[in-house]
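Report on the following structure.
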Amino acid sequence: MKPLRGRLAAITAGGVTGAIVLAGVLGSGTAAYAAPAPSQKPGAGSEGFRGKWRFDASATTMANVNAIIGADRLHRSGLTGSGVGVALVDTGVVPVDGLRGTRVVNGPDLSLESQTPGLRYADTYGHGTHLAGIIAGTPDGNGFGGVAPGATLTSVKVGAAAGIVDVSQVIAAIDWVVEHRADDPKHPVRVLNLSYGTDSVQDYQVDPLTHAVENAWHAGIVVVVAGGNSGSTAPRLADPAVDPYVIAVGAADSAGTVKSADDTVTDFSSRGDASRRVDLVAPGRSVVSLRDPGSYADSESPTARVGDDFFKGSGTSQAAAVVSGAVALLLQDRPELSPDEVKALLTRTADNLPKADATGRGAGELDIAKAVKANTPRNVTQTWPRSTGLGSLEAARGSAHLSLDGATLTGENDLFGAFDTAAWAKASAAGTAWQGGTWMGRTLTGSGWGDATSSGAWSGLSWSGLSWSGLSWSGLSWSGLSWSGLSWSGLSWSGLSWSGLSWSGLSWSGLSWSGLSWSGLSWSGLSWSGAAWSSDAWS
């Protein structure tokens, strides 16, 4: 059969073109990434309230974020997150100046853009790079710096230019992180940031997505999830933040000060319901982090730029990134802590927010300095009913669906065909869903780590890529399809439209980032043989 030359349509949610994407693109809280979100006070300066990247006229700098949560004091004492790995399952990361001194590694690119060499690993949306700066941005001496600038950041890209992603891709990414968490023994992945959520209302005890995050949690990874950007309009928190094991994060409004006493919860931060609220909140209103020049968000919202290098964004995604960086600081100080102990420490030491509503603040606002000083709590093992993962993959999607030439990916299918949920649930729990570059029989990527310089990326280490074959859904199938000729059709964002993956004069397919390369990364030269490392020489 000849390769189909179809165009990947925008996402359809309830039949509305373009209704998924990164939660912030739609502040409604319907499926997808949980940030950025609607501005706190729509009106003057609130660019992006009309279905765009969310921010407003205020600005919460990273210097303020670090002061609010007490990270600045920990930095002065020598805690930077060194030795702790943070997995960022998002839209990729690009090597902008604010990450030059950060240890960044590319895990597999599981996004639809992985099939275009010039787009592989690159953040064409701007969301992942913004969060990377919050988590581990390189201090510049002028006030900018991530919460954990010494942490190792592993980027696992699942979202394409408009945030396009299916829940099955996110599940595969989580499984990959679990199985490869100890590939670098000196910087093991201890934290997973997931600023993603769907509007699924499936019971968490059977939901496949909650099953995946629980498996990560019980494998010793602290899973930090954005609570969602639906305010009080959604019936519950986003999936998988609804799972009671993980750390669900809401967004706080710092009111322009570094004191928590006057902080409130942003109006967009999801309140959940009586059965599940967020665990705590962290700064999430107009956070100033790294700009991804020429990305979708940057092109759509130029007034969100702060100088040439920075960009404002609001949402529970940003708040979750703050917490992920803080957890890295805590785990550097006490690497023996379990995920349950980390959660208990953060919630028990959170600052009370007397001006914030009880339904949105959880235990209060993150105070990582206080958490580091507190004694390790006892008898805090969580005993919630575990998710079996035997529910419906379709139900886990909520209202968000991928569509190709009018054929929508629905039912118990992933991008490659029928999906055996029972077999996957068993394999995911056992940590065997991935075998080399194959996930549940689907060959999605290369089989191991490689020197990124050979693929035209940047110096250091990247998981090898692979062209997909056998991709099918709704009766459509093809092999050998290369997405290099992909063009969007029917997608328009408040007057902004594009085709051929090019906008604002910037063509991503040929983008080389002016020779920028990651610094501080010395993994090149390591080789991978089969499913095991052939060298123990880690830097």
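For region 318-347, how many residues meet the condition of being within 18 Å of His187 (Cα to Cα), in contact with a His (Cβ under 9 Å, 6 or more places away or on another chain) and of a type in the set (Gly, Ala, Ser)?
0
When you check Ala57 against the structure, is it at pLDDT below 95 and aliphatic (A, V, I, L, M), yes or no?
Considered against the rule, which asks whether it is at pLDDT below 95 and aliphatic (A, V, I, L, M), Ala57 comes out as yes.
If you check Ala160 against the conditions, is it in a loop (DSSP other than H, G, I, E, B) and in contact with an Asp or Glu (Cβ under 7 Å, 6 or more places away or on another chain)?
For Ala160, the condition - in a loop (DSSP other than H, G, I, E, B) and in contact with an Asp or Glu (Cβ under 7 Å, 6 or more places away or on another chain) - is met.
Do the conditions hold for Ala297, that is, is it more than 24 Å from Gly220 (Cβ to Cβ) and part of a helix (DSSP H, G or I)? First the steps, then the outcome.
Details: more than 24 Å from Gly220 (Cβ to Cβ): yes; part of a helix (DSSP H, G or I): yes.
Answer is yes for this residue.
Could you list, ordered by first residue, the pairs with Cβ atoms under 6 Å in which the first is in region 122-139 and in contact (Cβ under 8 Å) with a residue 40 or more places away in the chain and assigned to a loop (DSSP other than H, G, I, E, B) and the second is surrounded by fewer than 24 Cβ atoms within 10 Å (Cβ to Cβ) and among the basic types (Lys, Arg), at least 6 apart or interchain?
As it stands, the answer is Thr138/Arg100, since those pairs meet every condition given.
In region 222-244, what count of residues is obtained for those that are surrounded by fewer than 24 Cβ atoms within 10 Å (Cβ to Cβ) and at negative phi?
Counting residues in region 222-244 that are surrounded by fewer than 24 Cβ atoms within 10 Å (Cβ to Cβ) and at negative phi gives 6.
Just name the residue that is nearest to Thr445 (Cα to Cα) out of those in region 404-427 that are part of a loop (DSSP other than H, G, I, E, B) and of a type in the set (A, V, I, L, M).
Leu415
What are the pairs with Cβ atoms under 6 angstrom where one residue, in region 203-217, is over 16 Å from Arg190 (Cβ atoms) and the other, located anywhere, is among the charged types (D, E, K, R) and not in a helix (DSSP H, G or I)? Sequence gap at least six, or different chains.
Tyr204/Asp243; Leu209/Asp239; Thr210/Asp243
Quickly run through region 211-221 and pick out the residues that are in contact with a Gly (Cβ under 8 Å, 6 or more places away or on another chain) and either surrounded by 24 or more Cβ atoms within 10 Å (Cβ to Cβ) or not in a loop (DSSP other than H, G, I, E, B) (or both). Walk me through how you get there before you give the answer.
As a first pass, look at region 211-221 and keep what is in contact with a Gly (Cβ under 8 Å, 6 or more places away or on another chain): 211-212, 215, 219.
Residues satisfying the conditions are His211, Ala212, Asn215.
Residues to consider are Gly29, Gly85, Gly107, Gly43; find the one that is modelled with pLDDT under 85 and either touching a Ser or Thr at 6+ places or on another chain (Cβ under 6 Å) or farther than 25 Å from Ser254 by Cα (or both).
Gly29
The conditions are (1) within 24 Å of Val222 (Cβ to Cβ); (2) in a loop (DSSP other than H, G, I, E, B); (3) at pLDDT 95 or above, and Val165 fails exactly one of them. Which is it?
Of (1) within 24 Å of Val222 (Cβ to Cβ); (2) in a loop (DSSP other than H, G, I, E, B); (3) at pLDDT 95 or above, only one is false for Val165: (3).
Being in a helix (DSSP H, G or I) and under 13 Å from Gly92 (Cβ atoms), is that true of even one residue in region 173-194?
Yes, some residue in region 173-194 is in a helix (DSSP H, G or I) and under 13 Å from Gly92 (Cβ atoms).
Among the residues in region 236-249, are any touching a residue at least 60 places away in the same chain (Cβ under 8 Å) and farther than 18 Å from Val342 by Cα?
Yes, region 236-249 contains a residue that is touching a residue at least 60 places away in the same chain (Cβ under 8 Å) and farther than 18 Å from Val342 by Cα.
Hey, can you tell me all the residues within region 299-314 that are of a type outside the set (D, E, K, R) and either farther than 14 Å from Val65 by Cα or surrounded by fewer than 24 Cβ atoms within 10 Å (Cβ to Cβ) (or both)? Give the steps one after another, and end with the answer.
Within region 299-314, the subset of a type outside the set (D, E, K, R) is 299, 301-304, 306-307, 310-311, 313-314.
Those that are of a type outside the set (D, E, K, R) and either farther than 14 Å from Val65 by Cα or surrounded by fewer than 24 Cβ atoms within 10 Å (Cβ to Cβ) (or both): Ser299, Ser301, Pro302, Thr303, Ala304, Val306, Gly307, Phe310, Phe311.
Just to be sure before I move on: is Ile135 over 29 Å from Lys426 (Cα atoms) and surrounded by 24 or more Cβ atoms within 10 Å (Cβ to Cβ) in the structure I sent? Give the derivation first.
Numbers: over 29 Å from Lys426 (Cα atoms): yes; surrounded by 24 or more Cβ atoms within 10 Å (Cβ to Cβ): yes.
Yes, satisfied.
Filter region 255-289 down to residues that are within 24 Å of Phe310 (Cβ to Cβ) and charged (D, E, K, R) and give me whichever is surrounded by the most Cβ atoms within 10 Å (Cβ to Cβ).
The selected residue is Arg285.
Out of Gly437, Gly465, Gly431, which single residue is at positive phi, within 24 Å of the chain's Cα centre (by Cα) and at pLDDT 50 or above?
Every option except Gly431 fails the conditions.
Would you pick out the residues in region 326-351 that are farther than 24 Å from Ile134 by Cβ and either hydroxyl-bearing (Ser, Thr, Tyr) or at pLDDT below 95 (or both)?
Answer for region 326-351, where residues must be farther than 24 Å from Ile134 by Cβ and either hydroxyl-bearing (Ser, Thr, Tyr) or at pLDDT below 95 (or both): just Ser338.
Residues to consider are Thr152, Thr129; find the one that is over 14 Å from the mean Cα position of the chain (by Cα) and not small (Gly, Ala, Ser).
Selected residue: Thr152, the only one of Thr152, Thr129 that is over 14 Å from the mean Cα position of the chain (by Cα) and not small (Gly, Ala, Ser).
The values are calculated or read from the model by the stated rules, or taken from the named source; none is laboratory data. These numbers were taken from a predicted model, which means no experiment stands behind them. Note that we place each Cβ from the backbone using ideal geometry, even for glycine, and neighbour counts take in every protein chain shown.
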